[in-house]
Amino acid sequence: LRQLGLSATRVQALTPADISPEIIAENCDASRLQHVMPEELACTMSHRRAWQQMLDRKLEFALLLEDDVMLSTQLAGFLKRVPPVLRQYGLVHLEANRWQIGIGPQLTAIGKIGLHYALTYNYGAGGYLLTAQTARRLLDGLAPLDNCIDDVLFNPDVASCRVLRPVQVVP
């Protein structure tokens, strides 16, 4: 981030050891159809912690990055130009990987980077932008704890993702 001229606030991730046994039992019960592994629960709760800190700091939007994300040299320029688009869509998925996904027609572009609705699942919550309004909706119940964060945000087969309608950057 420093090499790109960007600053950040690190949010300490949670581990299963940080979560009460009651919350683990409620959300990680393998006998229930909808459940997560304790590590997935910790990851989801870590993202929720970041969203809450964003709201506490009264930020209009935030870039959330997991600790293992690789950054594009285009990121700083993109971030300078993205606020109007982000206000319109609320959630922008930055992560790209080697798996092909289905995308809809280009909605808009920021420089050479197109924004599209993803039509298929784009696994990963390693890098995304969201507005304070989207963070509030997620914390107010749109993001259940018994579903992994990747699914909640970016799997079109999950109700929360269909409500949020995130856009995907391409390339």
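The values are calculated or read from the model by the stated rules, or taken from the named source; none is laboratory data. Here the structure is a predicted model, which means the values were calculated and not measured. Cβ atoms come from the backbone with ideal geometry, glycine included; neighbour counts cover every protein chain shown. The accessibility values were calculated without ligands, DNA or RNA, using every heavy atom of the protein model including side chains. Shrake-Rupley method; radii C 1.70, N 1.55, O 1.52, S 1.80 Å.
Results, tabulated for the structure shown:
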quantity	calculated
Unit Cα scatterers, Debye sum, segment 71-133: log10 I(q)/I(0) for q = 0.23, 0.25, 0.30 Å⁻¹	-1.17, -1.37, -1.59
Using alpha-carbon coordinates, inclination of helix 38-56 to the longest axis of the chain, degrees	60
Most mobile listed residue (37, 54, 45) in the chain, GNM with C-alpha springs under 10 Å	37
Share of carbon and sulfur in the accessible heavy-atom surface of segment 99-159 [1.4 Å probe, %]	53
Computed lengthening from residue 31 to residue 8, 0.36 nm per intervening residue step minus Cα-Cα distance	4.3 nm
Dmax and Rg, reported as Rg then Dmax, of segment 39-103 (C-alpha, Å)	13.6, 37
Mean separation of Cα contacts under 8 Å, 6 or more apart, over the residue count of the chain: relative contact order %	27
In sequence order, calculated HN-Hα J values of segment 13-28 (Karplus, 6.51, -1.76, 1.60; Hz; x Gly/Pro)	6, 8, 10, x, 5, 7, 9, 5, x, 5, 5, 5, 4, 5, 10, 10
Separation of alpha-carbon centers, segment 29-48 and segment 78-154, rounded to whole Å	21
Projected-area mean, segment 111-171, by convex hull of Cα positions, square nanometres	4.4
From phi via Karplus (6.51, -1.76, 1.60), per-residue ³J(HN,Hα) for segment 137-147 in Hz, x at Gly/Pro	4, 5, 5, 7, x, 6, 10, x, 6, 8, 9
The chain: calculated mean residue ellipticity at 222 nm from DSSP helix runs of at least 4, using -39500 (n - 2.57)	-9000 deg cm²/dmol
Residue of 22, 66, 95 that the Gaussian network model of the chain assigns the largest fluctuation, springs spanning Cα pairs under 10 Å	22
Volume per residue that the Cα convex hull of segment 61-171 spans, once the total is divided by residue count, Å³	103
Residue list for segment 28-59, given a label point 7 angstrom along the Cα-to-Cβ vector of residue 142 and an amide N cut-off under 11 Å	none
Positive-end residue, the chain charge dipole about Cα centroid, Cβ charges, pick of 15, 78, 42	78
Segment 2-145 pair-distance distribution - Cα-Cα, 5 Å bins, rounded %	2, 8, 16, 20, 20, 16, 10, 5, 3, 0
Heavy-atom accessible area per residue - the chain, 1.4 Å, Å²	58
Neighbour cut-off at most 11 other Cβ (10 Å), DSSP loop, chymotrypsin sites (Phe, Trp or Tyr not before Pro), segment 64-170	99
